[in-house]
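Below is one structure, written out as structure tokens; comments come after it.
The values are calculated or read from the model by the stated rules, or taken from the named source; none is laboratory data. If you're wondering where the values come from, they're calculated on a predicted model, not measured in any experiment. So basically every Cβ, Gly included, is an ideal-geometry build from the backbone, and we count neighbours across all protein chains shown. Just so you know, the surface numbers come from the protein's heavy atoms only, side chains and all, with ligands and any DNA or RNA stripped out. Shrake-Rupley method; radii C 1.70, N 1.55, O 1.52, S 1.80 Å.
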Amino acid sequence: MAGGTGRRPPGGPVTTPRASSAPVPVPSGDLLAERLADRDVLRTLAAEPLVGLGAGRALLMQLAHPAVARGVAEHSDFAERPLARLFGTLDFLLVTTFGTPDEVGRIAAKVRGIHGAVRGEGYSGNDPDLQLWVNATLIDSALYIYENVMRPGDGEPDLAGEYYRQARIVAEVLGCPLDAQPPDLASFRAYMAEAVASLEVTDTAREVAAAVLYPRKLRALAPALAVFRLVTTALLPEPLRDQYGLPWTHNRRRAADLVLRTATDLHHLTPAFLRRPPRPLLVRLARHRVDRTLASRRDRRRRGRP
């Protein structure tokens, strides 16, 4: 298997979840604190606004896994709240990156509880394979932005390997043990290459992606959403872009190049202390939104809604 992890690439046939799709013990207490003590590079990149440009790319890569697409379609109101999963994932990532061990443990336990109800034919929200894949898309997208848009200059340390090592904690606290994840960056890149080559975008994935890229209830944000669609399409791996049927003309490519070059220039011209929001503010906002989202989901489930 890719990366020697013993994990199948996510594009393979979708089967009924194994017994291992039940919640897996996760680090807690002193062990969790020990794991979270080592987040300096993870925090450095997560605080960079440009990393957010990869959010749409990560989401569409997640949906390219048939089991993820089915779970989102059957257990969320994506048509009414098309960006909820995107922001929910990013907020959880921020809490795990910047929060205290107590905050991370509390939020992770709540998310695992919600995932326990996400179950259907061929998928389970607590399946470690799916936790691995979802976090892999976030890591891969962050590294893509780091290497191709932020573009560290000559003489700057290469943070990619260390970022990967530290970012594995996000999947671990949700139930994918470290020994079930690719052990290093080279193994991770092999895993991603095999995965992208094997994924087949389903009609369900295209339906959810369309709701995210063309949300009917956010017309007031039309200019921003047009840029979001353009950048997401540009950053998506070509095989997946083709399978989603996203338009990619010469003019769109030139426009995307202009947007991304401008982002690169602004990144290098703006001092770090001006472009990075204060970390306490990031975690407070993320913690508030995660708590509100989880409470809203519990209320909807009590009313019999997805």
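Here are a few things to note about the model shown:
- Residue list for the range 227-243, restricted to those being part of a helix (DSSP H, G or I) and closer than 12 Å to GLY54 by Cβ: PHE228, VAL231, THR232, ALA234, LEU235
- Some residue of the range 69-80 being among the aliphatic types (A, V, I, L, M) and open to solvent by 20 Å² or more (accessible area, probe 1.4 Å): yes
- When the range 195-218 is limited to residues that are farther than 13 Å from HIS65 by Cα and open to solvent by less than 90 Å² (accessible area, probe 1.4 Å), the one that is nearest to the chain's Cα centre (by Cα) turns out to be VAL212.
- Residues of the range 94-104 classified as open to solvent by 30 Å² or more (accessible area, probe 1.4 Å) and either among the small types (Gly, Ala, Ser) or within 24 Å of MET61 (Cα to Cα) (or both), total: 1
- Search result, residues across the range 109-157 that are closer than 17 Å to ALA180 by Cβ and charged (D, E, K, R): ARG112, ASP127, ASP129
- Within the range 251-267, none of the residues are surrounded by fewer than 14 Cβ atoms within 10 Å (Cβ to Cβ), of a type in the set (Val, Ile, Thr) and assigned to a loop (DSSP other than H, G, I, E, B).
- Some residue of the range 126-140 being among the small types (Gly, Ala, Ser), out of contact with any helix residue (DSSP H, G or I) (no Cβ under 9 Å at 6 or more places or on another chain) and within 18 Å of PRO237 (Cα to Cα): no
- In the range 105-123, the residue that is least open to solvent (accessible area, probe 1.4 Å) out of those that are without any contact (Cβ under 8 Å) to a residue 12 or more places away in the chain and not aliphatic (A, V, I, L, M) is GLY113.
- Close pairs (9 angstrom Cβ cut-off, 6 or more residues apart or separate chains): aromatic (Phe, Trp, Tyr) in the range 138-156, part of a helix (DSSP H, G or I) anywhere: TYR144/GLY54; TYR144/ARG57; TYR144/LEU235; TYR146/LEU45; TYR146/LEU50; TYR146/VAL51; TYR146/ALA160; TYR146/TYR163
- Looking only at residues of the range 108-150 that are among the small types (Gly, Ala, Ser) and within 16 Å of the chain's Cα centre (by Cα), we find that the one that is farthest from GLY52 (Cα to Cα) is GLY125.
- The range 154-178 - residue that is more than 17 Å from the chain's Cα centre (by Cα) and acidic (Asp, Glu) and, of those, least open to solvent (accessible area, probe 1.4 Å): GLU162
- Selected residue (criterion: modelled with the lowest pLDDT) from residues of the range 219-247 that are more than 21 Å from ALA67 (Cα to Cα) and among the small types (Gly, Ala, Ser): ALA220
- Matching residues in the range 244-271 - criterion: being without any contact (Cβ under 8 Å) to a residue 40 or more places away in the chain and touching a Ser or Thr at 6+ places or on another chain (Cβ under 9 Å): LEU246, PRO247, TRP248, ARG252, ALA256
- Residue tally, condition under 27 Å from HIS288 (Cα atoms) and among the charged types (D, E, K, R), over the range 99-155: 8
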